[in-house]
1. For the range B:113-185, list the helices (runs of 4 or more DSSP H) that sit wholly inside it and hold at least 3 residues that are under 18 Å from the mean Cα position of the chain (by Cα); which are they?
2. Given B:L173, B:L164, B:L204, B:L135, which one is modelled with pLDDT of 90 or more and within 12 Å of chain A (Cβ to nearest Cβ)?
3. Is at least one residue of the range B:70-77 among the aromatic types (F, W, Y) and part of a loop (DSSP other than H, G, I, E, B)?
4. Taking the options A:K348, A:K361, A:K357, name whichever one is in the same structural domain as A:G81 (by TED's automatic domain parsing), surrounded by fewer than 16 Cβ atoms within 10 Å (Cβ to Cβ) and among the basic types (K, R).
5. Looking at B:L280, B:L284, B:L258, B:L266, which one is without any contact (Cβ under 8 Å) to a residue 40 or more places away in the chain, of a type outside the set (K, R) and within 14 Å of chain A (Cβ to nearest Cβ)?
6. Would you kindly identify the helices (runs of 4 or more DSSP H) lying entirely within the range A:204-282 that contain at least 1 residues that are within 14 Å of chain B (Cβ to nearest Cβ) and under 24 Å from the mean Cα position of the chain (by Cα)?
7. Out of all the residues in the range A:98-105, is one or more among the acidic types (D, E), modelled with pLDDT under 95 and either in a helix (DSSP H, G or I) or surrounded by fewer than 15 Cβ atoms within 10 Å (Cβ to Cβ) (or both)?
Amino acid sequence: MAFKGISIVVARCLSSLELLFGLHRGLSQANLRLVADGLAGALAIGVAAATPAAAQEKPGSLGLGIFTFTSGPAAAYGMPGKNAADLIIEEINAKGGIEGVPVRATYVDEAQGAQGVIAEYRRLAADAQNQVMVAALSSANCLALAPLAEQLEVPTVGWNCDTHQLLIDGKRKYVFRPNGNTVPEFIAYAIYLLDRKPDVKTVAIINPDYAFGHDAAKIFTAALKALKPDVEIVAELYPKLGSPNYQTEISRLATARPDVVFSNLWGADLENFVRQAAPRGIFTSSQVILALGETVLQRVPLPDGVIVGVLGDGWWMSPDAKANPETAKFAERYKARFGEYPVFPSIKMANTLIYVKAAYKAAMQKNGGKWPTRAELADAMKGSKVATLTGTAQTRADNDGLVDQIIGVTVKTPAQQFPVIGDMVRYRGDSLMPQAGQDPLAWISTLKPEFAKSLPKPGSYK
Amino acid sequence: MLNAIIPLLLDSLASAALIFFAAVGLTLVFSVLRVLNVAHGSLYSIGGYVAASICLFIASRQLNPYLSFAALLFSAVFVAAIFGPLIERGLVRWTYGKSEAVQILITFGLFLILEDLQRVIFGVQSFYEDAPMRLLGTTSIGGVVYLNYQILLIGMALLVVIGLRLLINHTRLGRLITAVVTDREMAQSIGIDTNRIFILAFSLGVFLAALGGALATPTSGIAPGLGADTMVLAFAVAAIGGLGQIEGAAVASLIVGLARVLAIYLAPSLDAVAPYAAMLAVLLFRPYGLFGSVTARRI
């Protein structure tokens, strides 16, 4: 297979040379493109040929391509990730870098769209110094980059992407996710809701109109139906991502009069929804679940009793996080630098960089202290178990992550000016994940109320 | 049934009011200057940013919160006074008499510049200031809680339609504008200072765009990208109503608002396409829009 690939590239290079020697005849647009392709192919061969030899020597710096949203409405979620990366990298470099090599990050703005993100990924991957890509925030971009990561053989760590579809085929060698995915994240909400409000009859959903919103609705609904079959979904709304105005959707939710309103809106969308829905009584007429609610606790006055979570274990005030001096230090430094405490996207990014650092250490231990190649690094990530700021990130054989899920409700505390998460539960990551290779929705449909009863209860995580 | 119809109608009107503010300035500028200003959406979002900034300033200094209502109006006047003459004299006037493609390219370039300018000045985070909305409280209609501010917006949109009609039909400026719209060369030949009319009309268009953004701020977030979304919607409304038709823009806003709200209530998956489906349906039968008419191109 590899031989066939090289043959194609070589053939393209030769055809390019032939075309170049025929320049006096002038080049058509198509031929010009072939020349460019050929030269790019030759360059890639050169890079690939040069990489293994260079990989055994410690480089002057370790390049990381970090993909996040730094503009547009999604920046409200993406910038905390970038801020955390800045802090953690600064901290790593202050301690001499990763295994003695200073880290240098190149940030890519995902707001430019998939085509731009792919082009940036290719550009960064062509530089052998960029050994790892921390990509990406958006599930859509993660899905777009995964085949490229395999093709270019670049270890790519999804720092945030949640879609369960990313690693579903179990065949990825270079794509990793040291996080949970949409399956455990949204089953957890169904279980918590039924524990807290067992008489729930009607549910309305308002999620963003793309894969993350639709997947979450599908998984949350499937889990609810499996655990309490008489629950009825009375409205499903999917406003456009980045929508600034939800007034009509709020009216629609109000007319449906649901017991529960579930939402996985995020970023500025979530802020806008909360600010618009609160004065119109949605939070008093229904039990509201905001799956990414923790990200707005410090910015929007959320009322008490809203079910919120962190899509994982990344709550900087959780009992485990508080017990970890590194986490407390990170939170205070973050607050001092950026004026707010880290939200869970910040923690996810920080944990991802800790994961990458641990992979280097493991890879170098394995190969006798030599600087690892990209392949050796990917190998070290597989099956790893890394202590993070907020718990543990375990990587399964299919490269998907096992991370605990923390959920609770908003409560006021005299210690902070904003609501915090109380009445918490911490579900073990592996308890809410199907086996590798198992169809998630088919697995969810097999869940029984007894399964939920066997799990920890709200308020048990203190 | 009635319980569902009242909220549906009220939401349609509230939605139409916001859409109307986004579109009316665009259509006014086109009717006078015959220029399709692609940067219109940016001026809308700049109005929103300025209004939110002033309201935040009022809140931070603990000034009388009712000043925020004046701030909404002032921000629109401020944006119009700065950007109106500047853009018209600096850029748009060079496009008079040029092909539509040149006009669109130049105003699109301006759109890109203004979008980046907003990022530089206001950053990439969402802006939100809801003091005017909170001050007015809420009302329960048909079992649904509405913001009194939403009802105020409906009234404001009506006022703007009536005000523009009065301005054009019953004031000297309005008659001058009508003369320029009817026959630019003839108006020039009888001594009307068309340059002045162009500056005033363009600035009025900018004022309406900025007012739309400012009035939307208390109930919506302002973030990068809003200008582009607004622009697309404003084009759809202008196309349905007929380019250059103010009453057309009002009726088109109602159609688009109703289409969107119906989609959200009955077929949520069609929410995003509903305004454009309405546009297609209208243009199939009325290619020049509901109030538009065929005009001969002078050579």
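1. B:148-170
2. Unique residue meeting the criteria: B:L135.
3. There is no residue in the range B:70-77 that is among the aromatic types (F, W, Y) and part of a loop (DSSP other than H, G, I, E, B).
4. Numbers: A:K348 fails: surrounded by fewer than 16 Cβ atoms within 10 Å (Cβ to Cβ); A:K357 fails: surrounded by fewer than 16 Cβ atoms within 10 Å (Cβ to Cβ).
Going through A:K348, A:K361, A:K357 in turn, the sole match is A:K361.
5. B:L266
6. Passing ranges, in order: A:211-227, A:267-277.
7. Within the range A:98-105, none of the residues are among the acidic types (D, E), modelled with pLDDT under 95 and either in a helix (DSSP H, G or I) or surrounded by fewer than 15 Cβ atoms within 10 Å (Cβ to Cβ) (or both).
Residue by residue, here is whether (1) part of a helix (DSSP H, G or I); (2) among the aliphatic types (A, V, I, L, M); (3) in contact with a helix residue (DSSP H, G or I) (Cβ under 9 Å, 6 or more places away or on another chain) holds:
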site: A:A380; (1), (2), (3): yes, yes, yes
site: A:T390; (1), (2), (3): no, no, yes
site: A:D398; (1), (2), (3): no, no, no
site: A:A415; (1), (2), (3): no, yes, no
site: A:F451; (1), (2), (3): yes, no, yes
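The values are calculated or read from the model by the stated rules, or taken from the named source; none is laboratory data. Keep in mind that what you see is a predicted model, and the values were worked out from it rather than measured. Using ideal geometry, Cβ is built from the backbone for each residue, glycine included, and neighbour counts are taken over all protein chains shown.
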